[in-house]
1. Report the FRET efficiency, 1/(1 + (r/R0)^6), for LEU80 and ARG35, where r is their Cβ-Cβ distance and R0 is 30 Å, rounded to 0.05.
2. Note the full-extension length gain between LEU23 and ASP72 as 0.36 nm times their separation in residues minus their Cα-Cα distance, in nm to one decimal.
3. Quick one: grab the alpha carbon gyration tensor of region 3-79, order the square roots of its eigenvalues as a ≥ b ≥ c, and give me rounded if a/c is under 1.5, else prolate or oblate depending on whether a/b is larger than b/c.
4. Collect residues whose amide H, placed 1.01 Å from N in the peptide plane, falls under 5 Å from the amide H of THR2; neighbours closer than 5 in sequence don't count.
5. Would you mind computing Rg(Cα) / (2.2 N^0.38 Å) for region 37-78, counting N as its residues?
6. Where in the chain lies the longest segment free of trypsin sites (Lys or Arg not before Pro) that are both loop residues by DSSP (not H, G, I, E, B) and have at most 13 other Cβ atoms within 10 Å?
7. Relative contact order for the chain: what percent, with Cα pairs under 8 Å and sequence separation of 6 or more?
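What follows is calculated from the coordinates using simple rules that are stated; it is not laboratory data. It should be emphasised that the depicted structure is a prediction, and the values quoted were computed from it without experimental measurement. FYI the Cβ positions are ideal-geometry reconstructions off the backbone, even for glycines, and counts take in every protein chain you see.
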Amino acid sequence: MTERDLLISCRKALGYTSQGLALYLALSDDRQIRRWERGDKPIPSLLWLMFYWMLKWREKTPESEKMIDRIDDVLRHRRLGHGARNQRVGADD
């Protein structure tokens, strides 16, 4: 799973459309969300942190636990200085 795939999965698991997430993030429209999801722009670490905690606070499911683990992998990898834009993260399903 790539970071962009993970972003889309997290957004959908949290019940957001790209427009809804843009509104939640106080963006003027969903262009930036679409850029992240296409892999045109790097996904900010702060967005991963937000998704991490939003998923942690929700009722746990096996799928949400996998997403939390994968987000943790992304953040750990970035702290080590290996932050490629569209890198594969976590185990493949």
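1. Rounded to the nearest 0.05, the efficiency is 0.75.
2. Taking LEU23 through ASP72 to full extension adds about 15.1 nm, to one decimal.
3. oblate
4. The answer is VAL89.
5. Relative to the 2.2 N^0.38 Å estimate, region 37-78 comes out at 1.19.
6. The longest uninterrupted stretch comes out as 1-57.
7. Details: 79 pairs, mean separation 37.9, N = 93.
So the answer I get is 41 percent.
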